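Working notes for the structure below.
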Amino acid sequence: MFKKMQISNMTTLYKSGTPFNTGAVIVDMDNNNFEQVSNVTFFTIEEGSNEISFIYEMAKDDVVYGLGETLGALNKRGKRYRFYATDDPEHTPEKESLYGSHPFMILDGEKTFGIFIDYPSEIIFDIGFTHKDILKITIFSKDFDLYIFDCDEKLTIIKEYFNLTGKPYIPPKWAFGYQQSRWSYFSEKEVREVANKYRELGIPLDVIYTDIDYMDSYKVFTINKETFPNYEGMVKDLKEKGIKVIPILDPGVKIEEGYEVYEEGKKNGYFCVDKDGKPFVTAVWPGLTHFPDFLNSKVRKWWGQKYKVFTDMGIKGFWNDMNEPSIFYTPKSLDKLFDLLKDLEKNKEELGIEVFLAKESFAKISNNREDYRSFYHKLDDGTLINHDLVHNLYGFKNTQATADEMKELLPNQRTLLLSRSSYPGLHRIASIWMGDNKSWWEHILVNIRMLQSLNMMGFFYTGADIGGFGADASAELVVRWMELGAFTPFFRNHTALNTRPQEPWQFDEESLNIMRDIVRLRYAFLPYTYSEYMNSVKDSNPFVKPISFVFENPRSKDIEDQYMYGESLMVAPVYEQNKKGRYVHLPQVKWLNWTASKYEERKMKVYEPGDYYIKADLSEIPLFIKENSLIVLSEPMNFVGEKDITELTVAGLVTDHALYNYYDDDGTTYNFVKGDFGTIKIDVTKERNDFKIAIKKDDKNNMLKIKTIHFEIYDSDGSVVKKDMLI
Ligand code: MIG
């Protein structure tokens, strides 16, 4: 039995039992206005004792989109996905769970609809895996909210999902600059050296991260005074060079007498508890730790205020890691392992398969479901709830603690806030990166696909560890990945401890020069990227979209390795080893190709719709501007905001008429909400062998410093007209 409520003309809620209020959905519902039903549109239902499955028979050509942070293809059909937040650094193709839980999908085909399940523990989406045509969604509970979006338009379904769960987060403008990180910048000296090297080499940079190495014994909110004697001084000095420092924060609190965070948490009962009501003991980086109980609002307040040590230094960006929460082991699981080892020792002369099995037991002490079942949260109303039932919310609530208190610590300031684990709703307040990928060519493709799937979930501001986190990277791999990264909203080179360094200068002169050009190209695109990002949030329209969300031709459904970046630009990165080009599908309209390497060299060529092999040397990335749309560029800078943008270059192929909505604001506050922003409507109309240009500036608060706009407008025959306009 469900309580059925009509939320809008296309969205229906089916409430089962008494669901936990996750905070994902933000619309107020009239709980009295429901009807009791036993069916759910589109699905047949199979009920077990503690689980329920929704089954749908897919038509041959139905395509499934969504599910956010999952592996496999962009079309999710043919694989099984399991939402139970997991810290798994081995993103091999068979894996079913990663860090986030994103149970929202769109089925597109004979019938088209969306489904979102608001339930914070285990859900399995078997999408034509067990049986190729059967979609089976299993929820391991009878208490959940299920939403059906009955609509033929994929983008409208997404809009409706945002109506329900809120609009995507907006970072500061500098978050669209280039960022550098590495787990194992061991000292302040090293961080300063890396930052300085960027400036010496003339490679733009906006952010540098300090990973867990800056902490004192991995104690959260502390700084190792030996290796980072003047963290605050470092933050200030780098700020002068336009480089912002972002620290990592882990949720596990080290159990250590006298350590303030531990003492306060213990005294106030702020930690998750075991079945006897004692603080639950687990282990992460610092050794034995407790987990703060982020489901409790008092704890969130306390935790969020702790960030003051950093905001007082002028820091405006935070990186919340390990919040699935990751568990290395618990004393209990470790004891079991020691028993096993003792057993093995007794028979050490005759061991065979036992050793093999022991290896598996060893792996199982991390992130074990049994451990997640053995601790509890105390909610605001005093009730205890088993962690396992709300597992997927931990990272969301951890990051909510940060976001909420930022309103007080940094009033009216935007922050760059990243979380590793996530749940629907987190996209309103922060964003996520894609976690611990590897320096594998295969993972560039994963990056391209996940970027599109995450955007459907409202995680517009996202990206992967460029160059790969685990394993050693080759120069070619880093170069190609940087080319992709330049066209993802979150553009950060990051790698793990003990891997080959992969900052741009770590390889050879040629690779260094290419990477400098790529990063400069990224900055040249800043006016476009920022305008498009802000417009996409305003319009609830994914910033990155699959080709098939824009073009209706069947062939587009097969295209997963090209994507729309904003409304005008299609990106087709080269992501294979030793390739000097790639095949590209150009759907339905004409396209203006720019196989870009240097911002200054804009050689563009017109293509009719079709399939082409596009050459792209190591230094080049194939870009395509859609017919009758425009891109806007400006001179690259060393960091966002280094100089006023006084000149724009507008380029496009206009066969009829193109309109661009240029947008800008202060980039750091929320004043845009009150209308503090400037826009320029740039209108280009084709006229015989010429173009008519109309410009309408709306800038009552004088946000815009643009004086000149250079036009490079192409015609179908490939000819270009160049004009300058003063505004
Ligand atoms: O288990 O802080 O995903 O980006 O560098 C490793 C060290 C813990 C995992 C994060 C990664 C980060 C690393 N962390």
Mean-position separation - Cα centroids, segment 434-475 and segment 83-125, in angstrom: 17 Å
Leaving out same-chain residues fewer than 8 places away, which lysines sit with a Cα under 18 Å from that of K615? K579, K580, K598, K603, K605
Kirkwood Rh over alpha-carbon pairs of segment 106-177 plugged into Stokes-Einstein at 20 °C, 1.002 mPa s gives a D in µm²/s of 147 µm²/s
Mind pulling the angle between the C-alpha long axis of helix 394-409 and the longest principal axis of the chain? Nearest 10 degrees, somewhere in 0 to 90. 60 degrees
Of the listed links K197/K219; K306/K378; K3/K60; K316/K681; K236/K298, those spanning more than 27 angstrom between alpha carbons are K197/K219; K3/K60; K316/K681; K236/K298
Where a Cα-Cα gap under 13 Å defines reach, which aspartates and glutamates qualify for K342, not counting those fewer than 8 residues away within the same chain? E354
In whole angstrom, how far apart do the alpha carbon centroids of segment 701-724 and segment 268-323 sit? 51 Å
For the chain, alpha-carbon Rg and Dmax in angstrom: 25.9, 91
Quick one: of the DSSP bridges fully inside the chain, what percent are antiparallel, nearest 5? 80 percent
What aspartates and glutamates does K705 reach when the alpha-carbon gap must be under 17 Å and sequence neighbours fewer than 8 apart in one chain are set aside? E635, E642, D644, E647, D664, D665, D666, D676, D724
With 10 angstrom as the radius, rank R582, R369 by how many other C-beta atoms surround their C-beta, starting from the fewest. R369, R582
Percent relative contact order for segment 204-248, counting Cα pairs under 8 Å at least six residues apart, stands at 53 percent
For segment 488-561 and segment 176-199, what is the centre-to-centre distance using only Cα atoms, to the nearest Å? 21 Å
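Could you give the C-alpha radius of gyration of segment 2-165 expressed as a fraction of 2.2 N^0.38 Å, taking N as the number of residues it contains?
The value comes to 0.99.
Considering only Cα-Cα distances, which of the following residue pairs are longer than 27 Å: K674/K697; K136/K336; K278/K407; K239/K722; K275/K364?
Table pairs above 27 Å Cα-Cα are K136/K336; K278/K407; K239/K722.
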Principal-axis tilt of helix 441-456 within the chain, Cα atoms, nearest 10 degrees: 90 degrees
Tell me the angle of helix 154-165 to the major Cα principal axis of the chain, expressed in degrees between 0 and 90 and rounded to the nearest ten. 50 degrees
If neighbour count is taken as other Cβ atoms inside 10 Å, put C151, C272 in order from fewest to most. C151, C272
The residues I680, I212, I432, sorted from fewest to most surrounding Cβ atoms within 10 Å, come out as I212, I680, I432
Using only DSSP helix segments of four residues or longer, with each worth -39500 (n - 2.57), what per-residue ellipticity at 222 nm results for the chain after dividing by its residue count and rounding to 500? -7000 deg cm²/dmol
Residues with beta-carbon under 10 Å from that of L13, excluding L13: net charge, scoring Lys, Arg +1 and Asp, Glu -1? +1
Those GluC sites (Glu not before Pro) in segment 49-132 that DSSP places in a loop and that have at most 12 other beta carbons within 10 Å: E90, E94, E110
Binning at 5 angstrom from zero up to the longest distance, how are the C-alpha pair distances of segment 612-727 distributed in percent? 2, 10, 18, 19, 18, 14, 10, 6, 2, 0
Segment 1-135: relative contact order as a whole-number percent, Cα under 8 Å and 6+ apart: 22 percent
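Test of the criteria: in segment 231-308, which GluC sites (Glu not before Pro) are in a DSSP loop and have at most 13 other Cβ atoms within 10 angstrom of their Cβ?
Here the sparse-neighbourhood loop sites are E257.
Where a number appears in this text, it was derived from the coordinates with a stated rule and is not lab data. Computed from a prediction, not measured in an experiment: that's the story for all the values here. Neighbour counts run over all protein chains shown; Cβ positions are idealised from the backbone, glycine included.
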